[in-house]
Each structure stands twice: as C-alpha cells, then as structure tokens.
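J.: One structure is given below, represented as structure tokens, and several questions about it will come after.
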Amino acid sequence: MAGDWFCCKRRMKGFGSMSASTFRFGQHVVKASVVFLQTESSFALVNRKPVVPGHVLVCPRRSVERFRDLHPEEVADLFKATQRVANVVEQHFQGSSLTIAIQDGPEAGQTVKHVHVHVLPRRPGDFEKNDSIYDELQKHDKEEEDIPAKWRSDEEMAAEATDLKKYFN
C-alpha cells in the first residue's frame, strides 16, 4: 500500500506543468505569471474573465476531465488548496461570503476539459438574485461569449497573481 502511494505521488509530480513558464489547463496553455499557488498536486490561477472581482480557479496539476477521475490524494490536495485560496480571496477582495463551485461535465456547464474549482468572493448585493451567480458561471466560458476582446490583459492578470502570491509565501 505504501508503495502504491509513493508510486502514484511520483507519477503526479509535474503534471499540469508544461515548462517553468507555462501550465496546461485542459485545452489551454496558461502562463506561469497568472498562477499564484502551487502545491504537490494542484495549482491556482487568476481568471481571464472573472464573474466577480477575485474569481479564481483551483485545478489539479494532472489534467483530468471529470472529478470522479481524480485519485483520492489529488482530491484531498485540491480541496486543501481550495480552502487556503478561499480564505485569501475572501479577505483580499473584502468579501463576506464565498461561492465555491465545480461544473463537472458539459451538462453542468463545464467548458474546459480539466477539473477546476471556481472560488468567488461574494458581497451583499453583488447580484440582485443571489443564485444568478450560477447563471453567470454557466455562460461566462461559453464559446460565443468567450472572445479575447473580453479577456483581461496578461499584465492585469499577472499583477493580480503577484498580489495573491504574497499570502502564500
């Protein structure tokens, strides 16, 4: 049993990384400059088109499409990282609550074929109807909505990632 754990951990090292300067996020290549936390099995990045200020993503390093396909140790690391990130973004973006969501499969709204956790700091009145945030999540990455002209600049995302990295050093 212990040998299986070691073997699996060794296999997972480096997954998600393409090089020192890029990460794989499903079908996308992400610059390391937008990644603000790395753990053994997970990484967190700022969002190119946030639904609310501070909307970030936490992903396993290994690119798997569905939550059920993660190894138990990856699930544990992903949720530990999500908890750390959630505490930071709620404080940093002066939220009073959080929405934490996984869209697991296309019918659930998943458009990037890589498990990821959305962490969104919330404030009173940020949406007229509280559950409207799920409608926004559903449409924010749809093909017809996801055009580069609506994305934040690399510089803006890198600056946000740099601000968030300070909490994890």
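J.: Need one number: nm distance between label points at ASN169 and TRP151, each 7 Å from Cα along Cα→Cβ, rounded to one decimal.
T.: 2.7
J.: Leaving ligands, DNA and RNA out of it, work out the accessible area of HIS92 with a 1.4 Å probe and give it in Å² to the nearest 10.
T.: It works out to around 60 Å².
J.: Output wanted: per-residue J couplings in Hz (rounded whole) for segment 92-109, from phi through Karplus 6.51 cos²θ - 1.76 cosθ + 1.60, θ = phi - 60°, x for Gly and Pro.
T.: Values per residue, Gly and Pro as x: 4, 9, 6, x, 10, 7, 9, 10, 10, 9, 10, 9, 9, x, x, 5, 8, x Hz.
J.: Can I ask one more? Please report the carbon-and-sulfur percent of the accessible area for segment 16-110; probe 1.4 Å, protein heavy atoms only, DNA, RNA and ligands left out.
T.: 51
J.: Let's test the formula: R0 of 22 Å, r as the Cβ-Cβ distance of HIS28 and GLN94. What FRET efficiency results, to the nearest 0.05?
T.: 0.15
J.: Would you list THR39, THR111 from the most to the least accessible area, probe 1.4 Å?
T.: In descending accessible area the options line up as THR111, THR39.
J.: Quick one: which of LYS113/LYS166; LYS139/LYS166; LYS113/LYS150 span more than 23 angstrom between C-alpha atoms?
T.: Listed pairs above 23 Å: LYS113/LYS166; LYS139/LYS166.
J.: Taking amide H positions as placed 1.01 Å from N in the peptide plane, with prolines and chain starts having none, which residues 5 or more places from VAL64, or on another chain, fall under 5 Å of its amide H?
T.: VAL115
J.: Right, another one. Note down the magnitude of the dipole of segment 10-136 about its Cα centre, charges +1 on Lys and Arg C-beta and -1 on Asp and Glu C-beta and zero elsewhere, to the nearest 20 debye.
T.: Working: 17 positive and 14 negative charges, 124 e Å.
Result for segment 10-136 is approximately 600 debye, rounded to the nearest 20.
J.: Give the accessible surface of segment 57-99 per residue, rounded to a whole number of Å², with probe radius 1.4 Å and ligands, DNA and RNA excluded.
T.: That works out to 50 Å² for each residue.
J.: A follow-up question, please. Which whole-Hz couplings ³J(HN,Hα) result when phi for each residue of segment 24-41 is put into the Karplus expression 6.51 cos²θ - 1.76 cosθ + 1.60, θ = phi - 60°, listed in order with x for Gly and Pro?
T.: The phi angles translate into 9, 10, x, 7, 10, 9, 10, 5, 4, 5, 9, 8, 10, 8, 10, 10, 4, 10 Hz.
J.: Keeping all protein chains in place and using 1.4 angstrom, which order do LYS139, LYS166 fall into by accessible surface area, from largest down?
T.: Greatest to least solvent exposure: LYS166, LYS139.
J.: Can you list residues from other chains, or at least 5 along the same chain, whose modelled amide H is less than 5 Å from the amide H of LYS31?
T.: For LYS31, the qualifying residues are PHE23.
J.: Taking the highest mean first, how do the peptides 153-165, 58-70 order by number of other beta carbon atoms within 10 angstrom per residue?
T.: My ranking of the peptides, most packed first, is 58-70, 153-165.
J.: What is the projected area of the convex hull of the Cα atoms of segment 32-117, averaged over all directions, in nm²? Don't skip to the answer; put the middle values down first.
T.: Details: hull surface 22.3 nm².
Across all orientations, segment 32-117 yields a mean hull projection of 5.6 nm².
The values are calculated or read from the model by the stated rules, or taken from the named source; none is laboratory data. No experiment lies behind these values; they were computed from the predicted model shown. A quick note on method: Cβ atoms are made from the backbone with ideal geometry, for glycine too, and the neighbour counts reach across all protein chains shown. Ligands, DNA and RNA are stripped out before the accessible areas are found, and what is left, the full protein with its side chains, is counted by its heavy atoms. Shrake-Rupley method; radii C 1.70, N 1.55, O 1.52, S 1.80 Å.
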